[in-house]
1. Identify which of 277, 309, 50 has the largest mean-square fluctuation in a Gaussian network model of the chain, with springs joining Cα atoms closer than 10 Å.
2. Could you grab the relative contact order for the chain? Cα pairs under 8 Å, six or more apart, rounded to a whole percent.
3. Equivalent-ellipsoid semi-axes (√(5λ), Cα gyration tensor) for segment 71-188, whole Å, largest first?
4. So which GluC sites (Glu not before Pro) in segment 141-174 end up in coil per DSSP with only 15 or fewer other C-beta atoms within 10 Å?
5. Considering all projection directions equally, how large on average is the shadow of the alpha-carbon convex hull of segment 60-99, in square nanometres?
6. Can you run phi through the Karplus equation (6.51, -1.76, 1.60; θ = phi - 60°) for segment 160-177 and list ³J(HN,Hα) in whole Hz, with x for Gly and Pro?
7. Can you list residues from other chains, or at least 5 along the same chain, whose modelled amide H is less than 5 Å from the amide H of residue 288?
8. Using the Kirkwood radius over C-alpha pairs as Rh, can you work out the diffusion coefficient of segment 8-311 via Stokes-Einstein at 4 °C, viscosity 1.567 mPa s, in µm² per second?
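Bear in mind these aren't lab numbers, they're just calculated from the coordinates by the rules spelled out. Predicted model only: the values in this text are computed from it and were never measured. Cβ placement follows ideal geometry from the backbone for every residue including glycine, while neighbour counts extend to all protein chains displayed.
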Amino acid sequence: MDDRITPPELYFNRRQIMRGALVGSALATAGLYRWFNPVSIPMAETAKLDGIEPSSLSESEQRARGFALDEPWTPEMSVVTYNNFYEFTTNKERVATEAMHFSTADWSLEVGGLVERPQTFNLEQLRSISPLEERVYRMRCVEAWSMVIPWIGYPVSRLLELVRPTSEAKYVAFETLHDPERMPGQRTGVLQWPYVEGLRLDEAMHPLAILAVGLYGKELPPQDGAPIRLVVPWKYGFKGIKSIVKITLTAMEPPTSWNRQGPREYGFYANVNPSVDHPRWSQATEQRIGEAGRRPTLMFNGYEDQVADLYQGMDLRANF
Ligand SMILES: Nc1nc2c(c(=O)[nH]1)N[C@H]1C(S)=C(S)[C@@H](COP(=O)(O)O)O[C@H]1N2
Ligand SMILES: [Mo]
């Protein structure tokens, strides 16, 4: 299993790091640095995001709620060069380059279904419907690697409150852009397109479930799901659908891409659970990108105190 996991650090070799340390400070801009350093990965530049509000909560309160973490952040270089985004390529180390020209300037996100006020949001509106906050979350991929990522975004609930779900709404369905011209991976049959995901409405309304528009204080780069993606830190990474164009409130559980792909391997709930193995590998431990050795995987990815109530009375062994 370990050979599926290639920490990106492996190809930033010592000599490059030394040269980077010497030259990096002299060449002020990242663009110049990348141009000068021929082995670096070509990728999109991202702008700093305005309007990020410092939390009004104390550091210990943020940790108690799961909004902040006392664990080292995964280096930004790893977060933006080691990605799963099958719309571009299944090669994790190549997504950043394949997606670098993906333009999100004229994005729109349609929110409808069982709501009182269906609405379509443009990118500027999406970034300003709520104050932006930083949330530092663990991310645990079902493939058994993990990261700690400082996201910028706001609770999904802020968007849903604007459209007012009706009393019949029980689930939230999410859909990624379907545009094979701009997303070359969609010309292959590796998944059924568009990528779709879903949550129960009460899961989507949980304060830990966010829509991210940035990371590390900057706009989300294309490879991480620009311009807006879902982050649900107590679930496996595949629930965090990228580049969302449509959100629909429904009465019935919506289909989800990985469940459709492998119904015996990936469930609708996909809550991180170290005691429920994937049929082809153990989920008991994980490779934290950038660290030596393995860490134990935590129940609900370490968010048990915050989310266990959502699953009272459910058989968690069935929620793989
Ligand atoms: N549309 C879409 N969303 C997606 C995926 C994908 O292939 N397509 N991959 C998922 C998987 S398996 C993971 S682990 C995370 C990876 O997010 P990251 O690349 O920002 O770390 O995105 C998820 N969201
Ligand atoms: Mo994943």
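1. In the Gaussian network model the winner is 309.
2. Reported relative contact order: 19 percent.
3. 28, 20, 15
4. Those that pass, being in a loop and sparsely packed, are 168.
5. 3.8 nm²
6. After applying 6.51 cos²θ - 1.76 cosθ + 1.60, I find 5, 4, 5, 8, 6, x, 7, 5, 7, 5, 10, 9, 10, 9, 10, 9, 7, 3 Hz.
7. 146, 295
8. Translational diffusion coefficient: 65 µm²/s.
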